[in-house]
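Notes follow the structure.
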Amino acid sequence: MNKMIRYGEQCLSEEDKQAVLEVLESGWLTQGPKAQAFGQEVAHQCQAEFGVAMCNATAALHVACLALDLGKGDRLWTSPNTFVASANCALYCGAQVDFVDICPKTYNLDPARLEEKLIDAKKTNQLPKIVVAVHFAGQPCDMNAIFKLSQEYGFKVIEDASHALGATYQGEPVGNCRYSDVTVFSFHPVKIITSAEGGVLVTHQKALAQKSHLLANHGITRDPDQMLEPSHGPWYYQQLALGFNYRMTEFQGALGLSQLKKLSAFVQARRQRAHIYDTELRTLPITLPWQHPDGVSAYHLYPIQLQRDDHIECKAKLTTALLQAHVGVNLLYIPVHTQPVYQRLGFKWGDFPCAEAYYRRSFVLPLHPKLTLEEQHYVIEQCQNVLT
Ligand SMILES: *Cc1c(COP(=O)(O)O)cnc(C)c1O
């Protein structure tokens, strides 16, 4: 192979390109119909009532926290095995972050540990206001268990479904918010579908959707019904909250809408390729991704784990060999609590052993709809070379 086989890659068609070009002619570069329609269409696809499009999922997570009134003195808990954005959203709001270690089989936040931690937190009056459940690699978290705990301990639930557009949980689409207050999706180019940069927040709660829309638009409204005093005229607007400019452009909206038409084909392609890895790699001395029977993954990632965790150098050697053979392996994630920003807040290596063991042993193989059979067989061959 001369070219690097990347771990994730966007898949753009002529139709997608046309949709973006049309925006240039339309007269609306931002604040037009496309971004709004994209938000609604994402909500429709995952059977949620409202969808608000934003410039990226990080912004959507921030807005979701603000809309749920997270602030100083509050706590947000999430998984350490995630992208930093799932935790940073709390710090943006001046709240505290803590983590709940992962289940060694699913790599998702472990509801049993969540319960233990809640029992302790209740005793010291340090319960979280929000728990962010991250559907790692596209595999849904045990939402039913998390929801039950949220009822008992009174916290809100945000689903970070950046990896999981198109996944299902108990036969229903992730994002339907049956067991959460809001769900956030990312449309960064490596994700399931792309709008270049982009995020959508979906919810069933009308007030939450309105507040999110407001906060992503400077906190400004032009709707006389929302104003605190009568409108002065057609030019009038009011700033009701300190919001942000987190808007999605029309280019992003148009690209997202066009990509969304291919969602099920993309997810299907990912599942087929994951199935090929499942079959072809099963005799190697590695742990393949385990699928919880309640969920069907969207396979944003295909993580494999070495069966020994004592030598990170060993993993570094293997991944270097694969990269030299142009197999674009990657590592997701370095446990968030070990990042210098979080160490400065008092976290340290050793705090969340399952996430750390996962980090020491694992890496992800290339997986995306454009990965050809030939490329995939090459990846498999190279894995066989370095792993046996
Ligand atoms: C990609 C990602 C984000 C951030 O998404 P952006 O759209 O890049 O801001 C947040 N959480 C997870 C789990 C992600 O994978």
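Structure values in brief
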{"read-out": "Of Leu323, Met143, Phe50, farthest towards positive along the dipole that unit charges on Lys, Arg, Asp, Glu beta carbons give the chain", "value": "Leu323"}
{"read-out": "Semi-axis lengths, Å, region 1-143, gyration tensor of Cα atoms, sqrt of 5 times eigenvalues", "value": "35, 22, 14"}
{"read-out": "Candidates per chymotrypsin sites (Phe, Trp or Tyr not before Pro) in region 336-365, loop by DSSP, up to 12 other Cβ within 10 Å", "value": "Trp349"}
{"read-out": "Accessible area per residue in Å² at 1.4 Å probe, computed on the chain", "value": "44 Å²"}
{"read-out": "Nearest-ten-degree value, helix 57-67 long axis tilted from longest Cα axis of the chain", "value": "50 degrees"}
{"read-out": "Sorted peptide list for 283-290, 311-318, criterion being average Cβ within 10 angstrom, highest first", "value": "283-290, 311-318"}
{"read-out": "Sum of side-chain charges, Met4 neighbourhood, beta-carbon under 14 Å (Lys, Arg +1; Asp, Glu -1)", "value": "+1"}
{"read-out": "Two-decimal Rg to Rh for the chain - Kirkwood Rh, Cα set", "value": "0.99"}
{"read-out": "Kirkwood hydrodynamic radius of region 299-388, from inverse mean 1/r over distinct Cα pairs, in Å", "value": "14.4 Å"}
{"read-out": "Largest-first principal axis extents of the Cα set of region 277-319 (Å)", "value": "35, 19, 15"}
{"read-out": "Spatial separation of Cα centroids for region 130-169 and region 1-54, in angstrom", "value": "25 Å"}
{"read-out": "Rounded to 10°, Cα long-axis angle of helix 14-26 versus longest principal axis of the chain", "value": "20 degrees"}
{"read-out": "Carbon plus sulfur fraction of accessible area for the chain, probe 1.4 Å, in percent", "value": "52 percent"}
{"read-out": "Rg [Å, one decimal], Dmax [Å, integer] - region 208-312, C-alpha atoms", "value": "24.0, 73"}
{"read-out": "Heavy atoms of Glu229: accessible area, 1.4 Å probe, square angstrom to 10", "value": "90 Å²"}
{"read-out": "Helix-derived mean residue ellipticity, 222 nm - over the chain, DSSP H n ≥ 4, -39500 (n - 2.57), to 500", "value": "-12000 deg cm²/dmol"}
{"read-out": "Between 0 and 90°, nearest 10: helix 206-215 axis offset from the chain longest Cα axis", "value": "90 degrees"}
{"read-out": "Rotationally averaged projected area of region 143-247 (alpha carbon convex hull; nm²)", "value": "8.7 nm²"}
{"read-out": "Rg [Å, one decimal], Dmax [Å, integer] - region 31-70, C-alpha atoms", "value": "10.9, 31"}
{"read-out": "Among 102-114, 23-35, the order from most to least packed when residues are scored by Cβ within 10 Å on average", "value": "102-114, 23-35"}
{"read-out": "Largest to smallest accessible area among Val132, Val84 [probe 1.4 Å]", "value": "Val84, Val132"}
{"read-out": "Filtered trypsin sites (Lys or Arg not before Pro), region 219-298: DSSP coil and at most 15 other beta carbons within 10 Å", "value": "Arg222, Lys261, Arg282"}
{"read-out": "Within straight-line cross-link reach of Lys206, aspartates and glutamates at Cα separation under 19 Å, skipping those fewer than 8 residues along the same chain", "value": "Glu41, Glu49, Asp69, Glu159, Asp181, Asp223, Asp225"}
{"read-out": "Residue-count net charge about Leu345 - beta-carbon cut-off 14 Å; Lys, Arg +1, Asp, Glu -1", "value": "+1"}
{"read-out": "Kirkwood-based shape ratio for region 164-222, expressed as Rg/Rh from alpha carbons", "value": "1.03"}
{"read-out": "For peptides 182-194, 204-216, sequence by mean Cβ density within 10 Å, most packed first", "value": "182-194, 204-216"}
{"read-out": "Heavy-atom SASA rank of Ser264, Ser86 (probe 1.4 Å, accessible area, largest first)", "value": "Ser264, Ser86"}
{"read-out": "Cross-link pairs Lys105/Lys317; Lys3/Lys262; Lys148/Lys261; Lys17/Lys191 - those with Cα-Cα distance over 28 Å", "value": "Lys148/Lys261"}
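The values are calculated or read from the model by the stated rules, or taken from the named source; none is laboratory data. Everything numeric here is computed off the predicted structure, so don't read it as measured data. Ideal geometry is used to build each Cβ from the backbone, glycine not excepted, and the neighbour counts take in all protein chains shown. These accessible areas exclude ligands, DNA and RNA; they are computed on the full protein's heavy atoms, side chains included. Shrake-Rupley method; radii C 1.70, N 1.55, O 1.52, S 1.80 Å.
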